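The values are calculated or read from the model by the stated rules, or taken from the named source; none is laboratory data. It should be emphasised that the depicted structure is a prediction, and the values quoted were computed from it without experimental measurement. Cβ placement follows ideal geometry from the backbone for every residue including glycine, while neighbour counts extend to all protein chains displayed.
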Amino acid sequence: MIHVFVGPTLSRSEPELDEVGMRMWPPARHGDLFDAAIRGGDTVVLIDGVYHQAPALRHKEILAAMGRGVTVIGAASIGALRAAELAPFGMLGVGRIFTAYVRGEIDGDDEVAVGQAPDGGWSALTWPVVTLRHILRLARSAGVIDQERAAGLLAGLRAVYYPQRTMAAVRAVSRHHGESEFAGWLAEQRERDRHFGDIKRDDALMAVRAARDGWTPQAVHVPVRETTHLRRWSNFFARSRVDGRELSTEDRVVYQQVFDPGFAQRWAAYLEHCSRQLGDGGPGLPLAARLAEAGGWVLAAHQLFHPAVDLRDEESAALLLGGETREDRQAVARYAEALALARRGRPGFSTGAVRDDVTRALLLEVWRCPAERLDAEASARGLVYGARAVEAAKRLVPGFLAERNERTAYGHTESEHTAYGHTKNGHTERETAHGER
């Protein structure tokens, strides 16, 4: 499968994009390459990406994808820039813009940046510097402008902020520099060919053809070191489709850690699994043997071992979600919608804005433990200690409070709620134990 991340550089109506085995994606952003649809053996053609209105695609994400056996080709826009930066590590670059970046003739995101419509469309509304530079080169070859005047005009055009560098701005700057002849010549060329001078489009089509024709030069294999940030990103973007819904795997696990009364036993089983899988250069060990080696027989395993969870690993995810019910997944979906509603209703809202004391009170209530036992309960559930449990559970607070308010509106008091033993979305432990799996 060929995955093409493209937006303003190429129209979706381009015939070369309408081929079997080719999937179109919007401009790439942080997290896109963790999508489960992109598998080892696939090819990613990175052309366009966002960086102003959303977090940009990180270099480490590209390296991680290549480490999974994905061929990544970059061209035209941010793809050319990333390919130039990561060429020593095996990313493949195509086209004149990529070559210019590699040679140091151009640098910086501003060379390829364009403004886009705010309505979700991917058409470019402005002109990138690389296109203007190329057009001025063509104008020099045609005798319309000399090198000195072209340099002055390019400097004037570059001074215009990229979201404002429209065709009207190009004409205005040209007139201001006394280059009306150039502006007229450019308008005439564009009337004959609406793609005149569009070097980004040319490079993008070249990259698509390269991927389609199986162009895969010898890539450099560089092992990708698993960092805390990379693991956090991969877990954050891990998703799966269950019961007709696409849910965050991390949200599902955190929901179990907070609301499943038996999760401590599930975490103990997960630690046993990790101990037997973790060879440390030799065979895996039963957890009891590893505890003995650590000299930690006076402490519980969850107090000594805190393995980093990799939610990309299906076996790990299955172990941690072994107690999940259909009702749990429905609750996770509602809680995610409540969090999204809070974000829409409060510009700039994030889970970091949720109060620590409110979240801590939620955990103490659900876990039915005194404050001095919070760290111990969090550790037994794989959350290490209380403060980390509070941070993890903040994503659940808007949904939890929304359900509480709804119950109150129907005449349920908080004491009734506590008496019913809220463990999983308002069900008693007995109901949860016999719920649908």
(request) Go over the candidates VAL160, VAL144 one by one and state the one that is of a type in the set (A, V, I, L, M, F, W, C), farther than 21 Å from GLY108 by Cα and touching a helix residue (DSSP H, G or I) at 6+ places or on another chain (Cβ under 6 Å). (result) VAL144
(request) Quick one: in region 27-62, of everything that is over 13 Å from the mean Cα position of the chain (by Cα), under 22 Å from VAL112 (Cα atoms) and not polar (S, T, N, Q), which residue is surrounded by the most Cβ atoms within 10 Å (Cβ to Cβ)? (result) LEU46
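Table: residues versus (1) at pLDDT below 90; (2) in contact with a Phe, Trp or Tyr (Cβ under 8 Å, 6 or more places away or on another chain); (3) within 30 Å of ASP35 (Cβ to Cβ).
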site: PRO55; (1), (2), (3): yes, no, yes
site: ARG58; (1), (2), (3): yes, yes, yes
site: ALA75; (1), (2), (3): no, yes, yes
site: GLY95; (1), (2), (3): no, no, yes
site: ASP109; (1), (2), (3): yes, yes, yes
site: VAL114; (1), (2), (3): yes, yes, yes
site: HIS134; (1), (2), (3): no, no, no
site: ARG158; (1), (2), (3): yes, no, no
site: TYR162; (1), (2), (3): yes, no, yes
(request) Enumerate the pairs (first residue in region 38-63 and closer than 22 Å to ARG201 by Cα and without any contact (Cβ under 8 Å) to a residue 60 or more places away in the chain; second residue anywhere and part of a loop (DSSP other than H, G, I, E, B) and polar (S, T, N, Q)) with beta-carbon separation below 8 Å, excluding pairs fewer than 6 apart on the same chain, so at least 6 apart or on different chains. (result) GLY49/SER77
(message) Just to confirm my filter: which helices (runs of 4 or more DSSP H) fall fully inside region 201-296 and include at least 2 residues that are out of contact with any Pro (no Cβ under 9 Å at 6 or more places or on another chain) and at pLDDT 85 or above?
(response) 249-259, 263-277
(request) Select from region 64-82 the residues that are aliphatic (A, V, I, L, M) and closer than 20 Å to MET1 by Cβ and write down the one among them that is surrounded by the fewest Cβ atoms within 10 Å (Cβ to Cβ). (result) VAL70
(message) With the structure loaded, tell me whether ARG368 is within 22 Å of ALA331 (Cα to Cα), touching a helix residue (DSSP H, G or I) at 6+ places or on another chain (Cβ under 9 Å) and modelled with pLDDT under 95 or whether it fails that test.
(response) yes
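Could you identify the single residue in ALA150, ALA142 that is outside the structural domain of SER11 (by TED's automatic domain parsing), without any contact (Cβ under 8 Å) to a residue 60 or more places away in the chain and in contact with a Lys or Arg (Cβ under 6 Å, 6 or more places away or on another chain)? Outline the logic, then answer.
Values: ALA142 fails: in contact with a Lys or Arg (Cβ under 6 Å, 6 or more places away or on another chain).
Sole residue among the options that is outside the structural domain of SER11 (by TED's automatic domain parsing), without any contact (Cβ under 8 Å) to a residue 60 or more places away in the chain and in contact with a Lys or Arg (Cβ under 6 Å, 6 or more places away or on another chain): ALA150.
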